[in-house]
Amino acid sequence: MVKAGIECPICGNQGKLDTTMIPCTMECPKCGNDWRITWNEERPGQILITNLSTGTQYKGWIPAGQL
């Protein structure tokens with residue numbers, strides 16, 4: 001299991017994500033938004049974070065050394 005830091009694009013809440021679980025869905029414990037987290041197949045190491053309510057997509061990076 002490899003844990004990596006992840007940040008909610010809405011409220012900035014930081015947590016840890018088990019990268020072996022990607023793709024997955026998760027709820028931010030602070031703001032309650034539901035997110036779909038997937039790998040960006042075009043950019044290795046980049047994750048796509050999609051808000052399940054609005055469909056808005058954000059791009060994020062798993063910090064080097066945490067993969």
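Extents of the chain, largest first, come to 29, 23, 17 Å (Cα atoms, principal axes, whole angstrom). Count Lys and Arg as plus one, Asp and Glu as minus one, and take only other residues whose Cβ is under 9 Å from that of M26; the net charge is then -1.
Computed from phi, the 3J(HN,Hα) profile of region 55-61 under the Karplus parametrisation 6.51, -1.76, 1.60 (θ = phi - 60°) reads x, 5, 10, 10, 10, x, 10 Hz, with x in place of Gly and Pro.
Throughout, read-outs are computed from the coordinates displayed, never taken from laboratory work. Note that this is a predicted model, so its numbers are computed, not measured. We place every Cβ from the backbone using ideal geometry, glycine too, and count neighbours over all the protein chains shown.
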